[in-house]
Amino acid sequence: MQKGFTLVEMLAVIIILTIVATITFPIVSQSIEKNREKLYYAQLDEIKLNAEKWAYSNLDLLPTVEDEMITITLQNLKEGGFVALDIRDPRNDKLLPNDLKITITFKNNNYVIEVLSDSGTIDSVFEKGAPTIILNGNVVEYVEINSTYIEKGALAKNSSGDLLGDTSIIYQKNGIEVGGIDTSDIATYTVTYSVSDSEYRSTIIRTVIVRDTTPPVISLPNNNRLTSSELASFDLLAGVVVTDNSNQEISIETRGYDFLPTDKIIEYKACDIYGNCTTQRRLIKVN
């Protein structure tokens, strides 16, 4: 005669199964997430490969000068039939944004292609037959403060492959339309390029960041000899000139100077208001 499970034994089995599930579920979940992440990056590689095919089909649009680049979108690949129209992100099964950016750079007599995985907006809509619009340059351009910004523009083709006329350009700063890029101050601009063909219209957006990464320049005088009697009255900043591309007032710090009748190495440190600093040393001989 077989004996069945008692209530205590059943509860023990349930508790053990619960513990096992608690331990294994996170492991399985992490494994699934890792596999989805691997599939996502494999998909980016596939997009890169298809972007190479697009490049070979559009040689007339490719840059030919060292380090020059163009930026295309996933929509461009869809229009040419290089990727599926319903290409999705395996991590969440959502459609990849049509304005996902892809850069093509001419480097060392070759083309380097990069898929900018964090670019694009989810609500971008694919329109079959819409014109192809391609950025000259990168999707993000940097320009130094008080330098000259050169508009690189964009190229456009209709669905038949014919080049269209000039694209319209709208500049915005903090969401407000402005007349252009003002490099006299640190700021971030949104530049929208648009082109129309029949009832279709295509746009692509570039971000232009005006920044200051250039340290000040220190020019030191040539009078580097003192007598011991001149030590007490010597002005360390006399004849010292500091210039900076920000055109702002520059702070200067010095160290290494004392009144002892010995040779000295004076360190000058100049910093602009954006935190760019430069250091220069000056040898002063004391007779």
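The values are calculated or read from the model by the stated rules, or taken from the named source; none is laboratory data. Predicted model only: the values in this text are computed from it and were never measured. Glycine gets a Cβ as well: all are built from the backbone with ideal geometry, and neighbour counts include every protein chain shown.
Computed quantities for the displayed model
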| item | result |
| --- | --- |
| Among the residues listed as Ala51, Ala55, the single one being in contact (Cβ under 8 Å) with a residue 60 or more places away in the chain, among the small types (Gly, Ala, Ser) and in contact with a strand residue (DSSP E or B) (Cβ under 9 Å, 6 or more places away or on another chain) | Ala51 |
| Complete set of residues in region 92-133 that are touching a Phe, Trp or Tyr at 6+ places or on another chain (Cβ under 9 Å) and of a type in the set (A, V, I, L, M, F, W, C) | Leu95, Ile102, Ile104, Val112, Ala130, Ile133 |
| Within region 241-277, tally of residues that are in contact (Cβ under 8 Å) with a residue 40 or more places away in the chain and either part of a loop (DSSP other than H, G, I, E, B) or touching an Asp or Glu at 6+ places or on another chain (Cβ under 9 Å) (or both) | 9 |
| Hits in region 128-142 - residues which are of a type in the set (D, E, K, R) and surrounded by 15 or more Cβ atoms within 10 Å (Cβ to Cβ) | Glu141 |
| Test for Ile181: is it at pLDDT 90 or above, surrounded by 15 or more Cβ atoms within 10 Å (Cβ to Cβ) and not in a strand (DSSP E or B) | yes |
| Unmet requirement for Tyr189, which otherwise passes all of (1) surrounded by fewer than 17 Cβ atoms within 10 Å (Cβ to Cβ); (2) of a type in the set (Phe, Trp, Tyr); (3) without any contact (Cβ under 8 Å) to a residue 24 or more places away in the chain | (1) |
| Residues that are among the charged types (D, E, K, R), more than 19 Å from Ile72 (Cα to Cα) and loosely packed, with under 12 Cβ neighbours inside 10 Å, drawn from region 143-177 | Glu177 |
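Quick grid of which residues meet (1) closer than 30 Å to Gly165 by Cα; (2) surrounded by 15 or more Cβ atoms within 10 Å (Cβ to Cβ); (3) under 45 Å from the mean Cα position of the chain (by Cα); (4) not assigned by TED's automatic domain parsing to the domain that holds Gln172:
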| residue | (1), (2), (3), (4) |
| --- | --- |
| Ala238 | no, no, yes, yes |
| Ser246 | no, yes, yes, yes |
| Thr254 | no, no, yes, yes |
| Pro261 | no, no, no, yes |
